[in-house]
Amino acid sequence: MSAFIDISVPLAPGMVAWPGSPNVEAPYFLAMADGDPANATRLSLDVHCGTHVDAPLHQIDGAAPMASMALDDLCGPAVVAEIGDARRIGPAELAAAVPDGATRILLKTSNSRGGVADDAFDEDYAAITADGAQWLVDRGVRLVGIDYLSIQRYDDDATTHKILLQAPVIILEGLALAHVDPGPYELLCLPIAVPALEAAPARAVLRPLEIS
């Protein structure tokens, strides 16, 4: 049995994506079935599809791109915190679920009953409010992840993103947490190396940690 738990959403054409997104395309430009010497694929995608990391540049024009993301922040001890049924995740919900001293927090919400595995976009997904984002910043959180395509509610403005990204807190979106129990883990999150962009797809895995 593998020591790692994959919490990444596989990228695939037609996957659930933000409304208006160009989604994912992966056609062959060489195909052995057509007589070519090998199979080779051209990958075209919205970098906010599936599991991905947001850099400050995503919501703050002129801010730091993916090159600013330190592996020491993306990898290390993390807590999967179960939120329950709340759709608006504010200070009260976070205080009830997040242990003191946690600096990397992955929020398992009602989204995990469907979420990024569903075929259709759900505008009523669970996400963090602006005051919830400030609560995380005030407690020194370095990374926050969630089990849907955005850390903030669909109808909210960009305040939640901006509070986190200005701190800066790394935002990890599009996690697959349905099969993950709440508790302590080691997080390994490696975005693809696209240093000038505002976001990047990532492979994220967890390794369980013993509770001391």
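The values are calculated or read from the model by the stated rules, or taken from the named source; none is laboratory data. Small disclaimer: the values here were computed from a predicted structure and weren't measured. All Cβ positions, glycine included, derive from the backbone under ideal geometry; neighbour counts span all protein chains shown. Heads up: the accessible areas ignore ligands, DNA and RNA and are worked out on the full protein's heavy atoms, side chains in. Shrake-Rupley method; radii C 1.70, N 1.55, O 1.52, S 1.80 Å.
The H on the amide N of E82, modeled in the peptide plane, is under 5 Å from the matching H of K108, each at least 5 residues off or on a different chain.
Simple spin-label estimate for Y28 and A63 gives 4.3 nm between the two label positions (7 Å along the Cα-to-Cβ direction from each Cα). Helix content alone sets the calculated 222 nm mean residue ellipticity of the chain: runs of n ≥ 4 DSSP H residues at -39500 (n - 2.57) each, divided across all residues, give -3500 deg cm²/dmol. If we count every other residue with Cβ under 13 angstrom of A200's Cβ, Lys/Arg +1 and Asp/Glu -1, where does the sum land? Local charge sum for A200: -3. Scanning residues 5 or more positions from I128 or on other chains, those with amide H under 5 Å from its amide H are I89, Q152, R153, with H placed 1.01 Å from N in the peptide plane.
Please label the shape of the range 153-195 as rounded, prolate or oblate, based on the square roots a ≥ b ≥ c of the eigenvalues of the alpha-carbon gyration tensor (a/c under 1.5 means rounded; beyond that, a/b larger than b/c means prolate, else oblate). It is oblate, given that a/c is not under 1.5 and a/b is not larger than b/c.
Tell me, Kirkwood radius of the range 100-161 from alpha-carbon pair distances, in Å? Final number for the Kirkwood radius of the range 100-161 is 12.3 Å. Note on the chain: the alpha carbon radius of gyration divided by the globular reference 2.2 N^0.38 Å gives 1.03.
Placing dummy labels 7 Å off each Cα toward the beta-carbon, the span from A38 to D131 is 5.7 nm.
With Cα atoms as the point set, the range 38-113 shows a radius of gyration and Dmax of 16.6, 56 Å.
Rolling a 1.4 Å probe over the protein heavy atoms gives the range 1-136 an accessible area of 50 Å² per residue.
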